[in-house]
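S.K.: Would you mind keeping the following structure in view while I ask a few things?
The values are calculated or read from the model by the stated rules, or taken from the named source; none is laboratory data. Here the structure is a predicted model, which means the values were calculated and not measured. Neighbour counts run over all protein chains shown; Cβ positions are idealised from the backbone, glycine included. The area values use the complete protein model at the heavy-atom level, side chains included, leaving out ligands, DNA and RNA. Shrake-Rupley method; radii C 1.70, N 1.55, O 1.52, S 1.80 Å.
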Amino acid sequence: MNTLYVVGIGPGGEEFLTGEAREALSRADVLCGYTVYVDLVAPLFPDKETYTSPMKQELDRCRWAMETAQAGKNVAFVCSGDAGVYGMAGLLLQLSPRYPSVEIQVVSGVTAALSGGAVLGAPLGHDFCVISLSDLLTPWEVIEKRLRCAAWGDFCLCLYNPSSRKRADYLAKACDILMSEGKSPETVCGWVRNIGRDGQSSCVLSLKELRDTQLDMFTTVFIGSSSTQQISGRMVTPRGYEKKCGW
């Protein structure tokens, strides 16, 4: 049985690859994926065959990977971050009944919530939600409901895909929703752009300041809970040890 590895490569730098991810990429005969993601790892394996395609061709790309594996090659399907967090693992598994001779192995990677959180400090030290603001596949009404529920539950939030040219006001809309549901305008927030790549930048700021900040698809946004603090320029959400231990 031929193997299709669905590999999360983290932010993309060699130092962010897990040992399991590197091994899967080494075993594959061909690297497949969105052009930008394959370009990040292809230089590490210069003798590998590659197959890439642009955005919005996810289904065709997944079918090509399954058909290539079925035809006799081991394929590594490359995903940014983690293959199962807004990655292609789900779609490939949905297609898998049509390709019974292909074994799928999902190889986890470091998703932006974790790598970006590390840059800012410890914003996800307690319960949190991860929500994408992209309405390409999810109706905005559903996204808005999830934002309201997260605010009501006083969760920390990690927002993927906060803005794009066609969705320039979505982050502002999300911030307005959160504040309308009780999050303080002074809530500690942060953002990280180009995590683990050249030109990485980050900022810790308030929710009201975040609302008027222009960001893009290469940025991950963190919105704190009522207990999140800014400590020495870092974003920290305590878990409660200070209360338990009395200090």
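S.K.: Sorted by average packing, counted as other Cβ atoms within 10 angstrom per residue and highest first, what order do 158-170, 31-43 take?
M.R.: 31-43, 158-170
S.K.: For the chain, would you read off the P(r) tail past 24 Å as a percentage of all alpha carbon pairs?
M.R.: Details: 15205 of 30381 pairs.
The share of Cα pairs beyond 24 Å in the chain comes to 50 percent.
S.K.: Taking the alpha-carbon centroid of each part, what is the distance from region 1-79 to region 129-161 in angstrom?
M.R.: 29
S.K.: So what does Trp64 come to for accessible area, using a 1.4 Å probe and Å² rounded to 10?
M.R.: Counting only protein heavy atoms, Trp64 exposes about 60 Å² to solvent.
S.K.: Where the accessible area of the chain is counted over protein heavy atoms with a 1.4 Å probe, how much of it, in %, is carbon and sulfur? Don't skip to the end; give the middle numbers.
M.R.: Working: 6360 of 12380 Å².
Using a 1.4 Å probe with all protein chains present, the chain comes out at 51 percent carbon and sulfur.
S.K.: Then there is this: Please turn the phi angles of region 50-56 into ³J(HN,Hα) values with the Karplus equation 6.51 cos²θ - 1.76 cosθ + 1.60 (θ = phi - 60°), one per residue in order, whole Hz, x for glycine and proline.
M.R.: These are the phi-based 3J(HN,Hα) values: 10, 9, 10, 8, x, 4, 6 Hz.
S.K.: For the chain, report the accessible area per residue in Å² (1.4 Å probe, heavy atoms, rounded to an integer).
M.R.: Numbers: 12380 Å² over 247 residues.
Per residue, the chain has an accessible area of 50 Å².
S.K.: Starting from the coordinates of the alpha-carbon atoms of region 107-207, obtain the Kirkwood hydrodynamic radius over all distinct pairs and give the value in Å to one decimal.
M.R.: Working: mean 1/r = 0.0698 Å⁻¹.
Kirkwood hydrodynamic radius for region 107-207: 14.3 Å.
S.K.: Does a label point 7 Å from the Cα of Arg234, set along Cα-to-beta-carbon, have any residues of region 85-125 with amide nitrogen under 20 Å, and which are they?
M.R.: Only 111-125 fall inside the zone, counting backbone N under 20 Å.
S.K.: Which of the peptides 48-59, 225-236 is most tightly packed, and how do the rest follow, going by the mean number of other Cβ atoms within 10 Å of each residue?
M.R.: Values: 48-59: 13.4, 225-236: 15.8.
The peptides rank, most packed first, as 225-236, 48-59.
S.K.: Would you report the distance distribution of C-alpha pairs in region 1-116 as whole percents per 5 angstrom bin, up to the bin with the largest distance?
M.R.: In order of increasing distance, the bins hold 2, 14, 26, 27, 19, 9, 2, 0 percent.
S.K.: Right, something else. If R0 is 30 Å, what FRET efficiency do you get for Ser101 and Ser26 from their C-beta distance, rounded to 0.05? Walk me through the numbers on the way to the answer.
M.R.: Details: r = 23 Å, r/R0 = 0.75.
Once rounded, the FRET efficiency stands at 0.85.
S.K.: Which of Gly8, Leu44, Leu207 sits closest to the plus end of the dipole of the chain, meaning its Cα is farthest towards the positive end, when Lys and Arg get +1 and Asp and Glu get -1 on the C-beta?
M.R.: Leu207
S.K.: If one takes the longest principal axis of the Cα atoms in the chain, at what angle in degrees, from 0 to 90 and to the nearest 10, does the Cα axis of helix 170-180 lie?
M.R.: It is inclined by approximately 40 degrees.
S.K.: Right, here's the next one. Would you mind checking the tilt of helix 140-152 against the longest principal axis of the Cα atoms of the chain, expressed as 0 to 90 degrees and rounded to 10?
M.R.: 50
S.K.: Over the alpha carbons of region 55-148, what is the largest minus smallest coordinate on each principal axis, giving the biggest first in Å?
M.R.: 45, 31, 22
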